[in-house]
Amino acid sequence: MKTVGPATGSAAPVRLTSYARGGGCACKIPPGELEAMVAGLLPPPSPGQTPSPGQALDGDEDRLLVGLDDGDDAAVVRTGDGTAVVSTADFFTPVVDDARDWGRIAAANALSDVYAMGGRPLVGLNLLGWPRDVLPAELAGEVLAGALDVARAAGCLVGGGHSIDSPEPLYGMAVTGLVDPDRLLRNDAGRPGVPLTLTKPLGIGILNNRHKRTGEVFAHAVAVMAALNDKASAAALEAGAVCATDVTGFGLLGHLHKLARASRVTAVVDAAAVPVLDGARESLRAGYVSGGTRRNLDWVRPHLDAGRAGEDQLQLLADAQTSGGLLVAGEIPGHPVIGELVPAVAGATLVIR
């Protein structure tokens, strides 16, 4: 992407990733810090009782089907007419330098939260932060246009949104959809004996980090990030799955830890079965590992039986993804089974074999 320099009129390249400290979902607040922030928002359970979902008002606990409790992908509220509303918001700093591709990726990432709950997106609202004195407005327009392309492909309307003048470029969407309350995909419904399926390969964060540092473009990684998880969600529901999440900034290990902890099971991962993007392993060995990936691994280590897995393998499994695939407790045709859920093992929600 190029723009005209204001002083000379010459064409100057604009590298969007250079205007942000982090990139994509790797810029998330670390999971341990985030959980500490929201801990006070959950009311304490009464003695002998299970905590109610989220922070529902008195008498509304049965309407809020999914809230803050287990850090699921979106909130779900029962409407009373046999349906439920699913609502989410997601935004991040540039993950690629091409403005339109960034918009496409950010929209697919936000829509993924709805698909991860088994829902269908209805309308999205743009969330835009733009350093208006530094970057041209035309680039922001490209970001919005890319997002609109993906939303249209998803059958999701886009109805305006909100923008601010910010030091770093930020973009994402707030998305509202519908879901059948009796056919939810949620992260606390995993049961022992169920296989684990992953619908997109890992390595996105590693290649994005290399792109940010070198300017190399990895078209296959962009294609994976911009791809919707709609078909994977539909296939999971068709297969009778009730438990799923999507794999984004906390990496496969981070999101799987949350799923296993919420479901009170242990997840066993067959590392050799996990799909990986071309070039990711070589880039990992060359040192293109984000700080978000390292923080993910530090967070799960106390709950991890790593077996014989080396540090490189663990970093790949903890790689901070942007617009990654669905992780489904169930077997989904056409996608690899990467492990299984087993009865809870003392001291370990995650086991690598």
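The values are calculated or read from the model by the stated rules, or taken from the named source; none is laboratory data. This is a predicted model, so every value here is computed, not measured. For neighbour counting, all protein chains shown are included, and Cβ atoms are generated from backbone atoms with ideal geometry for every residue, glycine included.
Here are the numbers for the structure shown:
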quantity	calculated
Filter result (polar (S, T, N, Q) and within 13 Å of Leu202 (Cα to Cα)) within the stretch 253-285	Ser283
Subset of the stretch 100-142 (residues that are assigned to a loop (DSSP other than H, G, I, E, B) and closer than 16 Å to Ile164 by Cα)	Pro131, Arg132, Asp133, Val134, Leu135, Pro136
Which numbered condition Ala223 fails, given (1) under 22 Å from Val150 (Cα atoms); (2) touching a residue at least 60 places away in the same chain (Cβ under 8 Å)	(2)
Filter result for Gly203 (under 25 Å from Gly310 (Cβ atoms) and buried (at least 21 other Cβ atoms within 10 Å of the Cβ))	yes
The stretch 238-277, residues that are touching a helix residue (DSSP H, G or I) at 6+ places or on another chain (Cβ under 7 Å) and on the phi > 0 side of the Ramachandran plot	Gly251
Strands (runs of 3 or more DSSP E) (entirely within the stretch 312-353) containing at least 2 residues that are assigned by TED's automatic domain parsing to the domain that holds Val289 and buried (at least 24 other Cβ atoms within 10 Å of the Cβ)	326-329
